[in-house]
Amino acid sequence: MKNEIYIKYMTDELLEAIKKNPSTVSNYMDNNKIDNGWLKKIYSGKLFVEKTLKIPDFELKLSDKGDYKEVDFENSVILYESLKDLPKYVLSDERFWAWINFEKCYEVALQAMPIDGSKTRVLNHYLFGQGKRRSLFFGVMSRCFYRVALTADDNLDDKYLLSRFVIANPQRFRELSWRAFSSKTEIVRGVIWAQKKAIDEYGSLYKSFFHTQIAKFVSRLGSVKLLDAMTESYVFQQTYDFITKLVQERQEIDL
Amino acid sequence: MRIGNRLFPYPVLNNDQSLSLYNRSKFTLNYDDVKKTQDKLLIKNVHIVIENHNLNKLIQEDKAQALCIIECSATVFRESYVINGEGKNIEIPLHELNGRVSVSAYVYALEELHDFWDSDFVDDYVEESFDINKYELLAVDDGFTTKVVFDETKDNKVSSIFLVTKKIDNDKNQEMEVSLGDRKISIALPESQFDFYDKFKTQPLFQNLFFTFLIAPSLVYALESLKAENFEHILMEYNWFDSITKAYEEKTGTELDEDELQNESPITIMQKIMDFPITKAFDELKTLIFNSNKGDDDEE
């Protein structure tokens, strides 16, 4: 049985110190990719507080070649499996993800998304600089968790079939994730299945710019219809038919 | 979820009469009570009231269905509940929610409805009939919002809503900066001023001086900024405002509602809440000067 650990939150004081000094922080992060000891220079008090909830201890993988894509899927599943039983109020808390990004998974997070002197990366991808919901899908580690959480399907032989498909090219999910309807797994999975079938069937005729159009299509589908009432198979069929139309239109343009 | 003033290519019955394309018919999401217990958000007896024969008949014949949708965008929670017939008690574990929770209800077609027509359509449509597709909306009530705060660190003390931090990024910038977060009001000080504050912040003799230098102008700024915002938005977005309203009511016996916030001056509200820190700071200053002079005299 795996060891269990208590989850932690970053303290408000440290969180605020990072928010107020993103240039200094980005500099520290670029020059300290393994050790987060520099946090003490930003704030000298208590950095993290232990909470009463436990999770199985976990360790994410680093790519030896420095290519995070190699470990992205595996890490996303580890993260999901380790955190999935936490209450939603924790999983949506900036202080919790700040602990993950700046302490628990610091080195991995920096391999997944190096800072390269960017203040906005610190604020938007390591903290919740983009508002609460959007930030969950922007966050360097939280978005890995949610890519799996919204696509894992216990009814499949390979529970993570769709998660693997999404992580192979995050654009397949990204455009959907900004929209409120993506909180419904039935809608997300229906759309992702349609993309998968279309890619299997149409190959290179499926263009990456379709992703924006697909997300807009689902929004339009919900303009007079009630998305929340739709079954996964209905969303799948509607989206698949729409993609087929896009492919045909592209073929006509190319001809 | 919210439909708002979205336009439809056929008449939809809306709880908001100004958006409804029916004359007299009504559609309302009703409930007896919204209660937060220790571990649940409980909405008692959730039901719909439709004053329209046609739509009621469609629901009875299973050609249409009513759904109540509960959404908490911040926690990625969105669930729907069928509320066709008798009232339903909806229970949601509190730990699924944090922040604004919207509760709305919709009636939608369960199958294609050919030649859908109602004698109560507004004049522009009453001559027309419509083909309605499966899942298309027939009635809308955007409902209401409530708030769930799940923060065990929140203690409702006014002094706990302020957070003083150090600015390192731009050490030439001598400005004190104030920003309004959802849980705290943040005050950023230049490095040397912060270090001084950090060293002496627990000394009782300096409490009101620090309050006057830092907290008082920050709270006045915060209250002034809130005046320009929608009161509902303030209650939903700024958790620290709960502590302000609670303290104000305790000190004055008056509720800090929308009118009070608009009509009372921020400097007065601040002084009442913080127990007149400016006058007390003068007393502290007097004591400090008196003690310092006394020390000088003693030396002579």
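The values are calculated or read from the model by the stated rules, or taken from the named source; none is laboratory data. Treat the numbers as computed from the prediction; the structure is a model and nothing was measured. Using ideal geometry, Cβ is built from the backbone for each residue, glycine included, and neighbour counts are taken over all protein chains shown.
Do we have any residue at all in segment B:194-217 that's touching a Lys or Arg at 6+ places or on another chain (Cβ under 9 Å), within 13 Å of chain A (Cβ to nearest Cβ) and in contact (Cβ under 8 Å) with a residue 40 or more places away in the chain? Within segment B:194-217, none of the residues are touching a Lys or Arg at 6+ places or on another chain (Cβ under 9 Å), within 13 Å of chain A (Cβ to nearest Cβ) and in contact (Cβ under 8 Å) with a residue 40 or more places away in the chain. For segment A:171-188, filtered to residues that are touching a helix residue (DSSP H, G or I) at 6+ places or on another chain (Cβ under 6 Å) and more than 14 Å from chain B (Cβ to nearest Cβ), the residue that is nearest to residue B:79 (Cα to Cα) is A:175.
I'd like to check which helices (runs of 4 or more DSSP H) are fully inside segment A:166-244 and have at least 3 residues that are of a type in the set (A, V, I, L, M, F, W, C).
Numbers: elements: A:171-177, A:185-202, A:210-224.
In segment A:166-244, A:185-202, A:210-224 are the helices (runs of 4 or more DSSP H) which contain 3 or more residues that are of a type in the set (A, V, I, L, M, F, W, C).
Kindly indicate whether residue A:140 is in the same structural domain as residue A:8 (by TED's automatic domain parsing), part of a loop (DSSP other than H, G, I, E, B), within 23 Å of residue A:11 (Cα to Cα) and in contact (Cβ under 8 Å) with a residue 12 or more places away in the chain. Judged against the criteria, residue A:140 is a match. Picking from residues in segment A:23-38 that are within 13 Å of chain B (Cβ to nearest Cβ) and β-branched (Val, Ile, Thr), the one that is surrounded by the most Cβ atoms within 10 Å (Cβ to Cβ) is A:25.
Looking only at segment A:186-208, count how many residues are free of Cβ contacts under 8 Å to residues at least 40 places away in the same chain and over 14 Å from the mean Cα position of the chain (by Cα).
At the first step, the residues of segment A:186-208 found to be free of Cβ contacts under 8 Å to residues at least 40 places away in the same chain are A:188, A:196, A:199-201, A:203-204, A:208.
Now narrow it down to the ones that are over 14 Å from the mean Cα position of the chain (by Cα): A:196, A:199-201, A:203-204, A:208.
Final tally of qualifying residues: 7.
Return the only residue of A:44, A:63 being in a loop (DSSP other than H, G, I, E, B) and either in contact with an Asp or Glu (Cβ under 7 Å, 6 or more places away or on another chain) or at positive phi (or both). On inspection, the qualifying residue turns out to be A:63.
A single member of A:20, A:41, A:65 is facing chain B (nearest Cβ under 10 Å), exposed (fewer than 14 other Cβ atoms within 10 Å of the Cβ), free of Cβ contacts under 8 Å to residues at least 24 places away in the same chain and not β-branched (Val, Ile, Thr), and it is A:41. State all residues of segment A:44-61 that are within 25 Å of residue A:21 (Cα to Cα), away from chain B (no Cβ under 12 Å) and surrounded by 14 or more Cβ atoms within 10 Å (Cβ to Cβ); if no residue qualifies, say none. Once the filter is applied, which keeps residues that are within 25 Å of residue A:21 (Cα to Cα), away from chain B (no Cβ under 12 Å) and surrounded by 14 or more Cβ atoms within 10 Å (Cβ to Cβ), segment A:44-61 yields A:47, A:48. Within the set B:169, B:155, the sole residue that is closer than 19 Å to residue A:41 by Cα and either at pLDDT below 90 or surrounded by 15 or more Cβ atoms within 10 Å (Cβ to Cβ) (or both) turns out to be B:169.
Could you tell me whether residue B:281 is touching a Ser or Thr at 6+ places or on another chain (Cβ under 6 Å), assigned to a helix (DSSP H, G or I) and buried (at least 17 other Cβ atoms within 10 Å of the Cβ)? First the steps, then the outcome.
On the way: touching a Ser or Thr at 6+ places or on another chain (Cβ under 6 Å): yes; assigned to a helix (DSSP H, G or I): yes; buried (at least 17 other Cβ atoms within 10 Å of the Cβ): yes.
Judged against the criteria, residue B:281 is a match.
Any idea which of A:140, A:148 is at pLDDT 95 or above and within 14 Å of chain B (Cβ to nearest Cβ)? If you could, list the steps in order and put the result at the bottom.
On the way: A:140 fails: within 14 Å of chain B (Cβ to nearest Cβ).
Result of the check over A:140, A:148: A:148.
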